[in-house]
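A quick write-up on the structure given underneath.
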Amino acid sequence: MRYSLFLLLAILLFITIDAIAQKQSRTTVYGKITDEQNRPLNMVSVQIKETGSISKEDGSYEISVPTGKQISIIYSLLGYIRQIRQVNPTEDQKIKLDIKLSILTNQLQTVIINERFPDKSFNFTRIDPKSAAVIPTVGGSVESLIKSQPGVSSNNELSAQYNVRGGNYDENLVYVNDIEIFKPFLIRSGQQEGLSFINSDLVSSIAFSAGGFEAKYGDKMSSVLDIHYRNPTEFAGTVMLSLLGASVHLEGASKNKKFTWITGLRQKSNQYLLNSMDTKGAYHPSFTDCQGLLTYTISPKLEVSLLGNYAKNTYRLVPEDRETSFGTLNEALRLKVYFEGEEADRFDNGTAALNLNWHPSQALNLKLTGSYFHSYERESFDIMGQYWIGLLETDLSKPNFGDVLETKGVGSYLDHSRNYLTADVFNIEQRGAITHRNNQFQWGIKAQHEQINDRLNEWTMIDSVGYSLPYPPQTPGEIPQNSDFKLSSAVKTEHNLASWRYIGFVQNTIYLRSDSVKIWLNTGLRSAYWDVNHEWLLSPRVILGYKPNWQNNITFRISSGLYQQPPFYRELRDLDGNLHLNTPAQQSIHLLTGADWIFKSWGRPFKLTAEAYYKFLNNLIPYEIDNVRIRYLSGEKAKGYATGIDFKINGEFVPGLESWASLSFMKTEEDIVGDYYYRYLNKQGETIVPGYTSDAVAVDSVKVNPGYIPRPTDQRVTFSLFFQDHLPNNPTVKVHLNLLYGSALPFGPPDSPKYLQTLRIPPYRRVDIGFSKQIIGEEATYKPKNRFRHIKSLWISAEVFNLFQISNTVSYLWISDVTNRKYAVPNYLTPRQLNLRLIAKF
């Protein structure tokens, strides 16, 4: 007891002496913070290691700093580029330091940016693109940041695809420099997907809307991701090396700054990850991407730019075997498969876009854009699997615990595919914007030509204990009347589809301001026509932003609109390969209300966002999801709804490092028009399955309408967390945590009616963590010399994917025996893996 008391007093004495020794004289740094238009910026975080401050409404600030040593002051505000200034104050010397922050994008916008008309509406979330370089994920892309936003879900770390508020992958819009981006059609798994179009090294701004967006954005029902690439001002570059691939980017500008260029090259291979999955074999994935943006300023009022991209993605697999354990405690099973054959896929695509931007006056901006997209896709495989399903011993007291006790099923299957698709999409578009006082009017008109050539040839044969399934209706062991057998599934077809689309929009934004309130009102109308289904569409939309002059910084918003999605090629093709050319556009009416509250905590600003929504869905095309492949039930129609509420809080929980957490609750259901089934009754009026037992004799039947059933994206709860921190007093060592949770998704046996597909996949749970150390840079003590003097920063990081080794299920392999009992064998995603990265900027 005496010893413990003495030790406690010694520690307290040491802390006191250390605090006295470290006490220094202090002085004040003060000034004003403005944007590029010299407008004062409020709520800017001003931080040093020991303390922090926030700028006032007029942009002024002051902060107390120690003297006698060099101090780094960090200025940061959401939506603006962070600045770090070095000062070396002396005692009793006040330092005036005025700061000018630049918005995250310096790209020339179609909409003229000023105080009255923000460059993005209230329904957009701005995301710092620097986070894409540090977020620990398998993809390491901008889409990884989007997956952590409220209302967004994704259950596959190998894919860049995501669902938004009950929609599917095909309902999301992606723009890069106002160019709509298309993606390949035939990809069926995350292993094949490769690189997304967006190169995070080139990005200057990211804006994302989960619904209720303006009329100027295209004809999709769920979301918009609006990306802008940089216009560089000087020569710079980045080199990244990791166990999953490599990338390099270069940028620069001419001496007179009239010509700027930025380009990036990426190479990725998932071989390291895929070798750890249940299916063993020789994986040979290779994904290569090259893109660039060239910009030339002809005059102060005229600018021309060229955006180009080429991607070559190949995926080859020679599978050997697979072993998966599944089932329950009462019936634990193990699947063992031996494979023969191989898969060889190729997905090549390219995009080119030429843009002419003319702003004859400060009030008028005109833009003319022409773009071309080409895709060549080939999917080829012949894979035979011979499988055994064994029942496992589950008694822990038995010496053979975990061994196979008996064989429950033996069989084989053969998958064959020779699918080829080419797609060409060309469009030309004119946009404009004119501003007069408190009013801004925008318009656009677009013509788009599409040419799709599709050749589909795939089939599957299943054999169980010598019997081809589906087996003819004889008693097992009885010889069929003929020797023909049926394939489990077979599709063979060829289509060539050429079409034109004509699209236009008008929208107007008005700004009203008084001493007590600020109001933004955006109204718009979008129109579209497609010469295949000969359908004219009109989609009105309205957005209202309301900001009262309260002590608390709160903004309210309400939006509503009709969002109609004309079918593209994939939505027209049913499971048998037939095209349904008269398919009407899917419709979604958005009703959304939300609020943003910017508040101060720990001396730093934070933002709390809440949004509630309801979507009326009509003319839906039902679909099934297998991994990332969407299989549309074209020819059928459904109505439905999606409703939910989203929350997000973000800010600098640690000074200088932005983090956020998102929580969403959502429910979406659909009612397929005309679907029904019969419920059979016995003499007592009880529901029976005829023939299931000897006394199961039906005497009556009732026609039943299943009504509303969960949609394939009905994920009731999602939570995500992206958190950054650094060691105390050592900002060169950082930790980055990415956590995702998504509740169970619906699924069901293949080829079963939709109303039976209400089983649930286990929840998706994943934690990825990264540790990084800055060797060279602003915060590092090492100052490079000689050959390394041109390196601005050098980071090395170690990442642990799937930290808690959770086996997440992406889909199911359905195995049948001769009694037609189906076994759902889970297809698991990647286990725990380690990745190393080296990032150098110069």
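What residue, of T297, T351, T324, T288, is in contact with a Pro (Cβ under 8 Å, 6 or more places away or on another chain) and part of a strand (DSSP E or B)? If you could, list the steps in order and put the result at the bottom.
On the way: T297 fails: in contact with a Pro (Cβ under 8 Å, 6 or more places away or on another chain); T351 fails: in contact with a Pro (Cβ under 8 Å, 6 or more places away or on another chain); T288 fails: in contact with a Pro (Cβ under 8 Å, 6 or more places away or on another chain).
Testing whether each residue is in contact with a Pro (Cβ under 8 Å, 6 or more places away or on another chain) and part of a strand (DSSP E or B) leaves just T324.
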* Structure fact -> Restricted to segment 176-190 and to residues being open to solvent by less than 30 Å² (accessible area, probe 1.4 Å) and outside any loop (DSSP other than H, G, I, E, B), the residue nearest to Y812 (Cα to Cα) is G190
* Asked: Among (1) at pLDDT 90 or above; (2) more than 30 Å from the chain's Cα centre (by Cα), where does S325 come up short?
  -> (1)
* Structure fact -> Note on F213: of the conditions (1) assigned to a loop (DSSP other than H, G, I, E, B); (2) open to solvent by 10 Å² or more (accessible area, probe 1.4 Å), unmet is (2)
* Structure fact -> Across segment 572-589, the tally of residues that are within 23 Å of the chain's Cα centre (by Cα) and open to solvent by less than 40 Å² (accessible area, probe 1.4 Å) stands at 2
* Asked: Out of all the residues in segment 366-378, is one or more farther than 30 Å from D178 by Cα and open to solvent by less than 40 Å² (accessible area, probe 1.4 Å)?
  -> no
* Asked: Are there any pairs with C-beta distances below 7 angstrom linking a residue in segment 165-188 that is more than 28 Å from T295 (Cβ to Cβ) to a residue that is open to solvent by 20 Å² or more (accessible area, probe 1.4 Å) and assigned to a loop (DSSP other than H, G, I, E, B), with the two at least 6 apart or on different chains, and if so which?
  -> Y169/Q161; E171/K220; R188/N627
* Residues located in segment 573-600, provided they are of a type in the set (V, I, T) and either out of contact with any Leu (no Cβ under 9 Å at 6 or more places or on another chain) or in a loop (DSSP other than H, G, I, E, B) (or both) -> T583, T593
* Selected residue (criterion: farthest from D170 (Cα to Cα)) from residues of segment 540-571 that are basic (K, R) and open to solvent by less than 40 Å² (accessible area, probe 1.4 Å) -> R557
* Asked: Out of curiosity, is K220 within 30 Å of I558 (Cβ to Cβ), of a type outside the set (A, V, I, L, M, F, W, C) and touching a helix residue (DSSP H, G or I) at 6+ places or on another chain (Cβ under 7 Å)?
  -> yes
* Asked: Mind checking which pairs have a first residue in segment 675-704 that is in a loop (DSSP other than H, G, I, E, B) and open to solvent by 70 Å² or more (accessible area, probe 1.4 Å) and a second that is at pLDDT 80 or above and basic (K, R), Cβ under 9 Å, 6 or more apart or different chains?
  -> Y676/K703
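Right, K792: in contact with a strand residue (DSSP E or B) (Cβ under 9 Å, 6 or more places away or on another chain), farther than 28 Å from K147 by Cα and open to solvent by 20 Å² or more (accessible area, probe 1.4 Å) or not?
For K792, the condition - in contact with a strand residue (DSSP E or B) (Cβ under 9 Å, 6 or more places away or on another chain), farther than 28 Å from K147 by Cα and open to solvent by 20 Å² or more (accessible area, probe 1.4 Å) - is met.
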* Asked: Could you say whether any residue in segment 561-572 is in a strand (DSSP E or B) and polar (S, T, N, Q)?
  -> yes
* Every residue from segment 497-539 that is β-branched (V, I, T) and part of a strand (DSSP E or B) -> I503, V506, T509, I510, V517, I519, T523
* To do: Could you look through segment 399-413, keep only residues that are open to solvent by 50 Å² or more (accessible area, probe 1.4 Å) and in contact (Cβ under 8 Å) with a residue 40 or more places away in the chain, and pick out the one that is nearest to L329 (Cα to Cα)?
  => V404
* Structure fact -> Residue pairs within 7 Å by beta carbon, gap of at least six or interchain, first lying in segment 645-658 and over 18 Å from I135 (Cβ atoms) and open to solvent by 20 Å² or more (accessible area, probe 1.4 Å), second of a type in the set (K, R) and part of a strand (DSSP E or B), listed first then second, are P655/R604
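The values are calculated or read from the model by the stated rules, or taken from the named source; none is laboratory data. Everything numeric in this text was worked out from a predicted model, so none of it was measured. Glycine also receives a Cβ, built like all others from the backbone with ideal geometry; neighbour counts cover every protein chain displayed. Only protein heavy atoms, including side chains, enter the accessible area calculation; ligands, DNA and RNA are left aside. Shrake-Rupley method; radii C 1.70, N 1.55, O 1.52, S 1.80 Å.
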